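> Sharing a structure below in structure tokens format, with a few things to ask.
Computed from the coordinates by the stated procedures, all read-outs in this text should not be read as laboratory data. All of these numbers come straight from a predicted model, not from anything done at the bench. So basically every Cβ, Gly included, is an ideal-geometry build from the backbone, and we count neighbours across all protein chains shown.
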Amino acid sequence: MRIPEGYYQLWYAVGDSNERFQVNNDVTSVSSRRRRAHQFSSVMLFGSFNSNEDNIIDVDVEENDTKEASGVVDLTAEATSNPIGVVKTFVRQLANLSLMDYKWRSSVFKSNKADRHMEESVARMMGESATYVRPMDASEDTIGPLGQAERSAVSWLSDVIEEEGKRAKKMVEGDGSVVRPIESGEGPLAKIEEKAVRFLKVISDAEKERMMSGNIRPMSMTPSKRGPLGEAEASIVSALEEIKAAETFRLQQSMSRGGEFVRPIDVPGPLGELELAVGVIVKAEQKRYEEAFTSNKILLRPKDASFLGPLGEAEKELVEAIENLKNEETLRLLNIKRTLEENRPMEKERNSLLGVSEAFTVGLLRAPIMFVNVIGRVQELMTSEMISNAEQGPSDQNTLLDSKSDDNGDGK
């Protein structure tokens, strides 16, 4: 606590209940000093009354020292005087944390990539295919839908991490102002924000132009100044106009034919196209039912029918995708098993913590199995009997005679 000269008056009396601490003619109760008076016999007051210096008095206060030592900073006064500076400092601290996170994630990505390249190089030198656990690490010949999806996602995520790292670096090196992704350069988030900003700007410009021109509906503007809202309204209105025109023409055809019903498919229009698509599905299902009835089958799948309709084509594509996914996961499971066999801790590092833990766990799991096998073998030996000569075959008897003759020969 630092008090300028000329603004201090200090009275202190140990054990006095009317103890007061007056600073700048403001009388403030200092009850905490009474509690500390039982612990300290005196109060250390260090001051410099020399006018050639800064005319500052230094007072050591235990509570302030404790707060500074604990790292607690009171920003209330600073926020009151300069709230923008506090916000900028806070933003820079967050950007610094983001930069630290970027360095850690970038190192993890690079380390994993380097380890994978090393494994592939060693496998090629040994004339084998490198084992893998993640779907994206499969070779180009065996990679499946999950591997391609994971590879695309990881590539996009790595680009985002690099972009966010550059943006955090600019914020740390700057004055604390927020740097938007579009200002940091090229990157996935910058492209997304650029598209969003362009879309909103086009809508804003179109709406301003519409208000200035006095038009009520967005589609009333010229095509060059219509904007996204005007284009959307124009598309909806055009579709409704086509349906209205088709239904009006269908009604005229029905009246001209003496009230005969005219189907939407008989006239051009959106409803006619919809009825045509539904008719194709119904026709394919009817043929599938007839084929199942003639072949005495209880159930005939749409993809197995001779006439493939929309449902059959969809089921065929779905089955192919599931089969590809199944083959990919089966191959990955074999690679996972091979990886676990090659990198078991109890075989590579027996004396390590993981090696000892695995060996102990495997021993616990195998002990009951071995104990049951031993008991079964003992029971089998105890229930067995000697084979008599009558039950032995000719070959066994000849073997016994040859063995006896050999024994007699050795005895001679």
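> Under 37 °C and 0.692 mPa s, how fast does the range 84-153 diffuse according to Stokes-Einstein, given a Kirkwood radius computed over C-alpha pairs? Answer in µm²/s, whole number.
Taking Rh from Cα pairs, D becomes 218 µm²/s.
> Which of rounded, prolate or oblate describes the range 115-203 when judged by the alpha-carbon gyration tensor and an a/c cut-off of 1.5?
oblate
> List the trypsin sites (Lys or Arg not before Pro) within the range 175-267 that DSSP assigns to loop and that have no more than 15 neighbouring Cβ atoms inside 10 Å.
Answer in residue order: ARG257.
> If one computes the Cα centroid of the range 355-381 and of the range 162-185, what distance in Å separates the two points?
Each part's Cα centre sits 61 Å from the other's.
> Separate question: With a ≥ b ≥ c the root eigenvalues of the C-alpha gyration tensor of the range 80-231, is it rounded (a/c under 1.5), prolate (a/b larger than b/c) or oblate?
Cα axes put the range 80-231 in the oblate bin.
> Which whole-Hz ³J(HN,Hα) couplings does the range 149-166 yield from phi under the Karplus relation 6.51 cos²θ - 1.76 cosθ + 1.60, θ = phi - 60°, glycine and proline marked x?
5, 5, 5, 5, 5, 5, 4, 5, 5, 5, 5, 5, 5, 5, 5, 5, x, 5
> Here's something else I'd like to know. Over all directions, the average projected area of the alpha-carbon convex hull for the range 229-345 comes to how many nm²?
The orientation-averaged projected area of the Cα hull of the range 229-345 comes to 15.8 nm².
> Next up: Work out, step by step, the length gained on full extension between ARG217 and ILE375: first 0.36 nm times the residue separation, then minus their alpha carbon distance; give nm to one decimal.
Computed gain between ARG217 and ILE375 is 47.8 nm.
> Looking at the range 184-258 from every direction and averaging, what is the projected area of its Cα convex hull in nm²?
Taking the Cα atoms of the range 184-258, their convex hull projects to 7.9 nm² on average.
> To one decimal place, what Kirkwood hydrodynamic radius in Å is obtained for the range 243-282 from all pairs of distinct Cα atoms?
After inverting the pairwise mean of 1/r, the radius is 10.3 Å.
> Taking the Cα centre of the range 260-311 as origin and charging only Cβ (+1 Lys, Arg; -1 Asp, Glu), how large is the dipole, in debye to the nearest 20?
The calculated dipole for the range 260-311 is roughly 340 debye.
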